[in-house]
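J.: Mind having a look at this structure? Questions to follow.
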Amino acid sequence: MLHTRFGPFGAGDPFADMRRVQGEMNRLFDGLGTSRRTSVYPPVNFWIGEDSIVMTTELPGLSESDIDLVVQDTVVSIRGEFTDRDTDEEIAWHRRERPKGKFSRSVELPFRIDAEQVDARFEHGVLTVEMQRPEDEKPKRIQIKS
């Protein structure tokens, strides 16, 4: 049996070994100066209630006027730009991980939303958007008679 740094190769779930190797490769490439952020930026979180869905995303360094939010049917889109505020050419960066440049992100929602019933707040660099389902699509609780 071949032994590797990941354990005995061929024992147990072969896909578990492959996942471990992939994780090691990802960590290796992260250390080569590539950005730690995912290829889809900015990352978003969603949670669903009975009548609405809420999205949050972190957009540090921006103000509400820097963000374009569009909601249509079942898609929510955010766009904006992180400007390079430190443009002094004499700066010698040691490490630079904050994003810069334009971004655009669209996410398909699990149901239609009422564009007239959207509440968007931007506080401390976090955009929170609560989107309501249209009245005619909200789940209706049916009373059962005996």
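J.: Taking the stated definitions as given, is residue 137 open to solvent by 80 Å² or more (accessible area, probe 1.4 Å) and more than 16 Å from the chain's Cα centre (by Cα)?
T.: Values: open to solvent by 80 Å² or more (accessible area, probe 1.4 Å): no; more than 16 Å from the chain's Cα centre (by Cα): yes.
Criteria not met by residue 137.
J.: Among the listed residues 44, 75, 54, identify the single one that is among the hydrophobic types (A, V, I, L, M, F, W, C), open to solvent by less than 70 Å² (accessible area, probe 1.4 Å), over 19 Å from residue 126 (Cβ atoms) and at pLDDT 90 or above. First the steps, then the outcome.
T.: Working: 44 fails: over 19 Å from residue 126 (Cβ atoms); 54 fails: over 19 Å from residue 126 (Cβ atoms).
Among 44, 75, 54, only 75 is among the hydrophobic types (A, V, I, L, M, F, W, C), open to solvent by less than 70 Å² (accessible area, probe 1.4 Å), over 19 Å from residue 126 (Cβ atoms) and at pLDDT 90 or above.
J.: Filter the range 101-146 down to the residues that are among the hydroxyl-bearing types (Ser, Thr, Tyr) and closer than 20 Å to residue 52 by Cα and list them by number. Give the steps one after another, and end with the answer.
T.: First, pick out the residues of the range 101-146 that are among the hydroxyl-bearing types (Ser, Thr, Tyr): 104, 106, 128, 146.
Matches in the range 101-146: 106, 128.
J.: Between 112, 98, which is outside any strand (DSSP E or B), of a type outside the set (Ser, Thr, Tyr), touching an Asp or Glu at 6+ places or on another chain (Cβ under 6 Å) and on the phi < 0 side of the Ramachandran plot? Lay out the reasoning, then the answer.
T.: Values: 98 fails: touching an Asp or Glu at 6+ places or on another chain (Cβ under 6 Å).
Of 112, 98, the one residue that is outside any strand (DSSP E or B), of a type outside the set (Ser, Thr, Tyr), touching an Asp or Glu at 6+ places or on another chain (Cβ under 6 Å) and on the phi < 0 side of the Ramachandran plot is 112.
J.: Take residue 104 and decide whether it is part of a strand (DSSP E or B) and either loosely packed, with under 10 Cβ neighbours inside 10 Å or out of contact with any Asp or Glu (no Cβ under 6 Å at 6 or more places or on another chain) (or both). If you could, list the steps in order and put the result at the bottom.
T.: Working: part of a strand (DSSP E or B): yes; either loosely packed, with under 10 Cβ neighbours inside 10 Å or out of contact with any Asp or Glu (no Cβ under 6 Å at 6 or more places or on another chain) (or both): yes.
Taking the combined requirement at face value, the residue satisfies it.
J.: Can you confirm whether residue 142 is open to solvent by 90 Å² or more (accessible area, probe 1.4 Å), assigned to a loop (DSSP other than H, G, I, E, B) and either among the β-branched types (Val, Ile, Thr) or touching a strand residue (DSSP E or B) at 6+ places or on another chain (Cβ under 7 Å) (or both)? Break it down stepwise before answering.
T.: Numbers: open to solvent by 90 Å² or more (accessible area, probe 1.4 Å): yes; assigned to a loop (DSSP other than H, G, I, E, B): yes; either among the β-branched types (Val, Ile, Thr) or touching a strand residue (DSSP E or B) at 6+ places or on another chain (Cβ under 7 Å) (or both): yes.
Yes: the conditions hold for residue 142.
J.: Test of understanding: among 96, 5, 36, 27, which residue is at pLDDT 75 or above and either open to solvent by 60 Å² or more (accessible area, probe 1.4 Å) or touching a helix residue (DSSP H, G or I) at 6+ places or on another chain (Cβ under 6 Å) (or both)? Let's see the steps before the verdict.
T.: Values: 5 fails: at pLDDT 75 or above; 36 fails: at pLDDT 75 or above; 27 fails: at pLDDT 75 or above.
Only one candidate passes the filter, namely 96.
J.: Here's a check for you: in the range 120-134, which residue that is assigned to a strand (DSSP E or B) and open to solvent by 70 Å² or more (accessible area, probe 1.4 Å) is nearest to residue 68 (Cα to Cα)? Break it down into steps so the answer makes sense when it comes.
T.: Taking the range 120-134 and keeping what is assigned to a strand (DSSP E or B), we get 120-123, 126-132.
Checking the rest, the ones that are also open to solvent by 70 Å² or more (accessible area, probe 1.4 Å) come to 121, 123.
Working: 121: 13, 123: 15 Å.
Restricting to residues being assigned to a strand (DSSP E or B) and open to solvent by 70 Å² or more (accessible area, probe 1.4 Å), the top hit is 121.
The values are calculated or read from the model by the stated rules, or taken from the named source; none is laboratory data. Bear in mind that the values here come from a model prediction, so they are computed numbers and not experimental data. Note: ideal-geometry Cβ built from the backbone for every residue, glycine included; neighbour counts use all protein chains shown. SASA here: full protein model, heavy atoms, side chains in, ligands and nucleic acids out. Shrake-Rupley method; radii C 1.70, N 1.55, O 1.52, S 1.80 Å.
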